Amino acid sequence: MSRPLYQAKAEFFKTLGHPARIRVLELLSEREHAVAEMLPEVGIEAANLSQQLAVLRRAGLVVTRKEGSTVYYSLTSPHVAELLRVARQILTGVLTGQIELLDDLRAPAGSAGPPPPT
């Protein structure tokens, strides 16, 4: 018996649950990158980057190609880049709502809400 779809989705989102992996996917959304190009952009040690890339590879989100001694990574699907764009839109909406709430909280007492009718 196969596992339910919601469990597979949860595992998929767990794979995305690391800041370095998200950064790698963002970089690869632009174009393919060699590992050496990603190191300064991701800001982690080479061994840690290799581990994160291996996780993404096992999950089927990235593929590699080798040119000489250089390994290049790319996304397996443009849908990954689309997912990151949608996540950014959702996060923007959530944070916008929080900023509006924060502005209301910072307003002097009694000034929140619409002005009284005259």
query = Going by the structure shown, is residue 57 under 17 Å from residue 13 (Cβ atoms) and either in contact with an Asp or Glu (Cβ under 6 Å, 6 or more places away or on another chain) or open to solvent by 80 Å² or more (accessible area, probe 1.4 Å) (or both)?
reply = no
ask   = Out of 70, 64, which single residue is farther than 24 Å from residue 13 by Cα and in contact with a helix residue (DSSP H, G or I) (Cβ under 8 Å, 6 or more places away or on another chain)?
value = 70
query = Given the stretch 1-97, what helices (runs of 4 or more DSSP H) lie entirely inside it while holding 2 or more residues that are touching a strand residue (DSSP E or B) at 6+ places or on another chain (Cβ under 8 Å) and in contact (Cβ under 8 Å) with a residue 12 or more places away in the chain?
reply = 19-30, 35-42, 46-58
request  = Assess whether residue 60 counts as being at pLDDT below 95 and not polar (S, T, N, Q).
outcome  = no
key: Candidates 54, 20, filtered to the one that is out of contact with any Leu (no Cβ under 8 Å at 6 or more places or on another chain) and at negative phi   = 54
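The values are calculated or read from the model by the stated rules, or taken from the named source; none is laboratory data. Keep in mind that what you see is a predicted model, and the values were worked out from it rather than measured. Ideal geometry is used to build each Cβ from the backbone, glycine not excepted, and the neighbour counts take in all protein chains shown. Remember, those area values only see protein heavy atoms, side chains included, never the ligands or the DNA or RNA. Shrake-Rupley method; radii C 1.70, N 1.55, O 1.52, S 1.80 Å.
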